[in-house]
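Q: Sending over a structure as structure tokens; questions will come in a sec.
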Amino acid sequence: MAVLTRRALLKTAAFAGASGLGLAAIGRIGGRAASAPEPMVLRTAKIQANLMDVGQTRDVLTYGNAGMPPVIRMKKGEPFGARLVNAIDDPTTIHWHGIRLPNKMDGVPFLVQPYVYTGDHFDYAFTPPDAGTFWYHPHCNTLEQMGHGLTGVIVVENPNDPKFDAEFVLNLRDWRLGDDAQFIDQFRPRDAARTGTYGTVRTANWLDQPQYDAPAGGLVRLRVAITDVTRIYAFRVDGAEADVIALDGNPVPRRFAPDALLIGPGQRLELAVRMPDNEGALVTLRDVRGTKPKALATLRAVGASLKRDSRDLAPLEANPVAEVDLTTAQHISLSLSATAENVPSDSICGSLGYSFWAINKVPWPGDTPDPTAPLAELKLGKSYIVDMENLTPQSHPMHLHGMSFKVLSSSTRPVQPLISDTYLIQPNEKVSLGFVADNPGDWLLHCHIIEHQKSGMTSYVRVV
Ligand code: C2O
Ligand code: CU
């Protein structure tokens, strides 16, 4: 009879530990890879925050309890886990915007997961395949929950990234507050039917024009995420040489200066900023769009110059996104339009009570157990080209869940072959976006101006 001695057990353990196979087998029993870290806890909370000088704003929502939702750091190709604990008075979920993950982890209620009710929790676990700047937010009652604060930035690190001397992350968003610093109505119907309703207080990392110290003459990586529900920005950097190195989590094929570069809600921008040599010199990131341009944040040069040269900066590594096959790709036509039809159904995830917008003439009725049919059924592994046309006088940041596309061509401007998850389509523009349907499941496609999303401009594709 074989007796398991302590010695024998240790040997077995040592063998399992030394062999990748052994580890994987052990991991599978638990349902998670053995190397998966302890999940981080993201607990929704209602807090008071300092957003205006006149006083604290009540009913601000966040994850955790220390002000702005934390910047989450993940590592490319390494398992990540988070437990969403819902401690607010409203069902919620988390969507990991731009991260290509299994459908079950995508955070869209009804389509892929149940709501997380007050007092309940949900465990998210996935391995981010791409490095870059991403973000997270609820996908239930989004106008209210995101409008009140639930928008956080994600950085997926790549060990092969070029060396910067400093890195800053900016979470850009507005708040709809009155003179007394308290929330006012989150939207006005007439604005929802146009550009969306703008906030009254504009912040970067929940601050008005924060200033950060950066080494003089150094190379700074500035990661910027627009997590606002409405505002489109036009970026410019004053006081330093700055290059766009990545957009929407993916390196740009060719670097360029951000000269009033338009970026919409949901999109991300990464800049390489070469700090001035003189101590005390200021570099300003500005939004120059519209009638009320604003300085968003400043960097101040400190110390003796590091004398770095931005031309020495190695390119960022491309993410492993499958290449669309243009010769076999099937085309899908998609038109964005206004609608007069009123079909919203009541939803636990909030309804604005209006339909103003439609995709292929169908206004999305809301997050219901019985949504409209998918826009298209795609075959797993096949290539597709979405020919999207904007028939409205407004711009729309159109976001596809679960897969990244390549910008192929536009009817109104030259485009770089960017890899992205969100395309800011201009009025009267027609754009072709190519992608490989390599992720099975139901994937939402919607405008990221949340009032547009919630009043009809939403649909989904099914990959089987
Ligand atoms: Cu940023 Cu459907 O989401
Ligand atoms: Cu829109």
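The values are calculated or read from the model by the stated rules, or taken from the named source; none is laboratory data. Please read these numbers as outputs of a predicted model, since none were measured by experiment. All Cβ positions, even for glycine, are placed from backbone atoms using ideal geometry, and neighbour counts span all protein chains on display.
Q: Mind checking whether some residue in the stretch 444-454 is away from ligand 2 (no atom under 11 Å from the Cβ) and more than 23 Å from V229 (Cα to Cα)?
A: No, every residue in the stretch 444-454 fails to be away from ligand 2 (no atom under 11 Å from the Cβ) and more than 23 Å from V229 (Cα to Cα).
Q: Kindly provide the set of residues from the stretch 249-293 that are hydroxyl-bearing (S, T, Y) and in a loop (DSSP other than H, G, I, E, B), ordered by number.
A: Correct list: T291 only.
Q: Would you pick out the residues in the stretch 389-435 that are basic (K, R) and within 20 Å of H452 (Cβ to Cβ)? Even if it seems obvious, please write down each step before you answer.
A: The first filter runs over the stretch 389-435 and keeps only residues basic (K, R), leaving 406, 413, 430.
Scanning the stretch 389-435 gives a single hit, K430.
Q: Quick one: in the stretch 410-464, of everything that is in contact (Cβ under 8 Å) with a residue 40 or more places away in the chain and among the charged types (D, E, K, R), which residue is nearest to D248 (Cα to Cα)?
A: Ranking the qualifying residues of the stretch 410-464, first place goes to D421.
Q: Return the only residue of R100, R73 being part of a strand (DSSP E or B), more than 16 Å from ligand 2 (Cβ to nearest atom), of a type in the set (D, E, K, R) and touching a residue at least 40 places away in the same chain (Cβ under 8 Å).
A: R73
Q: Okay, moving on. Any idea which of N103, N50, N86 is more than 21 Å from the chain's Cα centre (by Cα), outside the structural domain of V252 (by TED's automatic domain parsing) and at pLDDT 95 or above?
A: N50
Q: Further question: So which pairs qualify, if the first residue must be in the stretch 183-205 and aliphatic (A, V, I, L, M), the second must be within 16 Å of ligand 1 (Cβ to nearest atom) and part of a loop (DSSP other than H, G, I, E, B), the Cβ gap must be under 6 Å, and the two must be at least 6 apart or on different chains?
A: Partner pairs satisfying both residue conditions: A192/S455.
Yes or no, residue by residue, for (1) farther than 17 Å from H97 by Cα; (2) touching a Gly at 6+ places or on another chain (Cβ under 7 Å); (3) at pLDDT 95 or above:
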residue: E157; (1), (2), (3): no, no, yes
residue: D174; (1), (2), (3): yes, yes, yes
residue: F187; (1), (2), (3): yes, no, no
residue: V220; (1), (2), (3): yes, no, yes
residue: R236; (1), (2), (3): yes, no, yes
residue: G239; (1), (2), (3): yes, no, yes
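Q: Continuing with the same structure: Of the residues that make up the stretch 229-246, is at least one in contact with a Phe, Trp or Tyr (Cβ under 7 Å, 6 or more places away or on another chain) and within 16 Å of V407 (Cα to Cα)?
A: The answer is no, given that none of the residues of the stretch 229-246 is in contact with a Phe, Trp or Tyr (Cβ under 7 Å, 6 or more places away or on another chain) and within 16 Å of V407 (Cα to Cα).
Q: Checking F122 against (1) over 30 Å from G218 (Cα atoms); (2) surrounded by fewer than 18 Cβ atoms within 10 Å (Cβ to Cβ): exactly one of these is not met. Which one?
A: So the condition that F122 fails would be (2).
Q: Could I ask something else about it? Can you say whether P417 is more than 16 Å from ligand 2 (Cβ to nearest atom), under 21 Å from G266 (Cα atoms), modelled with pLDDT of 95 or more and part of a loop (DSSP other than H, G, I, E, B), as far as the supplied structure shows?
A: yes
Q: For the subset of the stretch 108-133 comprising residues that are among the β-branched types (V, I, T) and not in a strand (DSSP E or B), which member is modelled with the lowest pLDDT?
A: This residue is V112.
Q: Can you give me the number of residues within the stretch 389-407 that are assigned to a strand (DSSP E or B), away from ligand 1 (no atom under 16 Å from the Cβ) and touching a residue at least 40 places away in the same chain (Cβ under 8 Å)?
A: Total satisfying the criteria: 3.
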